[in-house]
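Before any comments, here is the structure.
The values are calculated or read from the model by the stated rules, or taken from the named source; none is laboratory data. These numbers were taken from a predicted model, which means no experiment stands behind them. Every residue, glycine as well, gets a Cβ built from its backbone with ideal geometry; the counts of neighbours run over all protein chains shown. Accessible surface is based on the protein model in full, side chains and every heavy atom, while ligands, DNA and RNA are left aside. Shrake-Rupley method; radii C 1.70, N 1.55, O 1.52, S 1.80 Å.
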Amino acid sequence: MNSSIVEIILSLVIAYLLGSIPSGVWIGKVFFHIDIRRHGSGNIGTTNTYRILGPVAGSIVMIMDISKGAVATLLPSMLHISGISPLIFGLAAILGHTFSIFDHFKGGKAVATSAGMLLAYQPLMFGVAAGVWIVMILLTSMVSLASLVAFPCVTIAIFFTHDTFLFILAVILTGFIYYRHRGNIKRIIKGTENMVPFGLGNALRTRHQQS
């Protein structure tokens, strides 16, 4: 028996509120007394948190943001909601992360929360995305470029699963991710994009600066 419209709407609101939790902002303010929105790129996601608050805080924020997408996607099974795809709940969390009610309807770039949705719905495809992302990080030292490569790669992989709705959503999210990273794309082209302090790209840039 399908759930009522009221149950579905309330559950979607919960998913949106989960996604809206500004992990980076709260971690920064509570434990470091720093508002990361006023430092670095101003973004509240993993990369800027890592850069401003360090690898431990950055890793915690990444786990929290992935968890938001995963928990939201699992809400239908936890709350016994039927008659609607769990991907819609994951999408609600992604919208919450990007347009957070707790951050004046601003937010992050939706990479980690989208990954969390994929983890809960299709773990194998999450593994593909994570594998590509890690390899690209080690090669380029750029989180943004790793995300920009991982999304289309996993979208192509999803095509072969014959899950039409997931594929359509992946295509839309890939376009959205590229739009949210338009500033990063410009910096990548110019060769001025920020790098993490490890990986081949960082080593090559450091060597070039020292020569």
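Some points to look at:
- Given (1) open to solvent by 50 Å² or more (accessible area, probe 1.4 Å); (2) in contact (Cβ under 8 Å) with a residue 40 or more places away in the chain; (3) within 15 Å of the chain's Cα centre (by Cα), number of the condition Gly83 does not satisfy: (3)
- With respect to the stated conditions, Ile44 is crowded, with 22+ Cβ neighbours inside 10 Å and under 25 Å from Gly90 (Cα atoms).
- Residues satisfying the stated conditions in the stretch 129-141, i.e. over 15 Å from Ile66 (Cβ atoms) and touching a helix residue (DSSP H, G or I) at 6+ places or on another chain (Cβ under 6 Å): Val132, Met136, Ile137, Leu139, Thr140, Ser141
- No other residue among Ile8, Ile52, Ile60 is open to solvent by 60 Å² or more (accessible area, probe 1.4 Å) and in a helix (DSSP H, G or I) apart from Ile60.
- Test: Leu139 is farther than 29 Å from Arg205 by Cβ, of a type in the set (A, V, I, L, M, F, W, C) and in a helix (DSSP H, G or I): no
- Pair list, Cβ < 9 Å and 6+ apart or interchain, from the stretch 175-191 residues that are without any contact (Cβ under 8 Å) to a residue 24 or more places away in the chain to residues that are exposed (fewer than 13 other Cβ atoms within 10 Å of the Cβ): Lys186/Thr192
- For the stretch 158-196, a residue qualifies if it is open to solvent by 70 Å² or more (accessible area, probe 1.4 Å), part of a helix (DSSP H, G or I) and of a type in the set (Ser, Thr, Tyr), and the qualifying residues are Thr164, Tyr178, Tyr179.
- Number of the exception - Leu95 against (1) out of contact with any Gly (no Cβ under 7 Å at 6 or more places or on another chain); (2) open to solvent by 20 Å² or more (accessible area, probe 1.4 Å): (1)
- Residue count for the stretch 79-104, restricted to those that are in a loop (DSSP other than H, G, I, E, B) and either among the charged types (D, E, K, R) or in contact with a Ser or Thr (Cβ under 9 Å, 6 or more places away or on another chain) (or both): 7.
- Test: residue in the stretch 188-210 that is modelled with pLDDT of 90 or more, within 22 Å of the chain's Cα centre (by Cα) and basic (Lys, Arg): no
- Lone unmet requirement of (1) modelled with pLDDT of 95 or more; (2) under 26 Å from Gly28 (Cβ atoms); (3) open to solvent by 90 Å² or more (accessible area, probe 1.4 Å) for Phe102: (1)
- Residue satisfying condition, being at negative phi and at pLDDT below 95, within set Val149, Val143: Val143
- Residues satisfying the stated conditions in the stretch 143-157, i.e. open to solvent by less than 20 Å² (accessible area, probe 1.4 Å) and not hydroxyl-bearing (Ser, Thr, Tyr): Ala146, Leu148, Ala150, Val154
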